[in-house]
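Inspection log for the structure reproduced underneath, given as structure tokens.
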Amino acid sequence: MAPFLRHAAGVLLAAAALAAGADPLSSQRVRELCASADGPAHCGRLIEAEQLKALPDLAKRDGDTLTVRLFPSGTRVFVDSVATTGEKSYSLWDYWSPVNAVVLFVTAGDELSYAVLQRASGQLTALPAEPVLAPDRQRIVVADVCGSNCANEVTVWRVTREGLRKELVYQAPAGWSDVTAAWKDADTVVLAYTPAGAAATRTERKLSAPDWKRP
């Protein structure tokens, strides 16, 4: 399975318990949708098409333009573009009904990232990796850990009307790979990872633990 396809399936599976509005896509459905995709942007567009079927009043796609409806009125437009560094594309990834926010999947050349659009304020926050909403809907966690071009840190962000505010930072130990983050409860993050030369494992980090730092 292509790395981006493993990523897509893993993210949606982790978010399934928290998603509201449309039924969350299962990891099997993601694999079916993206099995023949010719890259991350195409995979994102296929997932978006599935989401738009369930959320027709949230957004619409017209060629290279994705229009998201704000609340109570207005729209935010995202247009795919082509530059010397490669194509940049936006896809509707998820909708967090409890906080009235849309999650976008963004590709720019070989780089993958996400953005959260809060429909009530129109605030857009760019994120380096997939955001996972906490059970109490007050925070998100983002695991930006990889072999290159990553900060190699796990960050917790507070959800506010003015946007997402970075609240805590955990520096991932050297050698960690395949890192994903999830919530055990509103105050505990679960990190699944593979340490160098060892089998995959996981650890729980209380937000009150001293190894979280303020940004």
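The values are calculated or read from the model by the stated rules, or taken from the named source; none is laboratory data. Note that this is a predicted model, so its numbers are computed, not measured. Cβ atoms come from the backbone with ideal geometry, glycine included; neighbour counts cover every protein chain shown. Calculation scope for accessible area: heavy atoms of the full protein, side chains included, ligands and nucleic acids excluded. Shrake-Rupley method; radii C 1.70, N 1.55, O 1.52, S 1.80 Å.
Set against the 2.2 N^0.38 Å expectation for a compact globular protein, segment 120-215 has a Cα radius of gyration ratio of 1.08. Adding -39500 (n - 2.57) for every DSSP H run of four residues or longer, then dividing by how many residues the chain holds, sets the calculated 222 nm ellipticity at -5000 deg cm²/dmol. Relative to the Cα centre, the charge distribution of segment 34-140, modelled as +1 at Lys and Arg Cβ and -1 at Asp and Glu Cβ, gives a dipole magnitude of about 460 debye.
Taking all protein chains into account, the per residue accessible area for the chain stands at 49 Å² (1.4 Å probe). Computed over the alpha-carbon pairs of the chain, the distance histogram in 5 Å steps reads 1, 7, 15, 19, 21, 17, 12, 6, 2, 0, 0 percent, short to long. When a 1.4 Å probe is rolled over the protein heavy atoms, the share of accessible surface on segment 56-100 that falls to carbon and sulfur comes to 50 percent. Here the gap between Thr194 and Val82, fully extended at 0.36 nm per residue and compared with their Cα-Cα distance, gives a gain of 36.7 nm. Label positions at Asp211 and Ser121, each projected 7 Å from the Cα along the C-beta direction, are separated by 3.2 nm.
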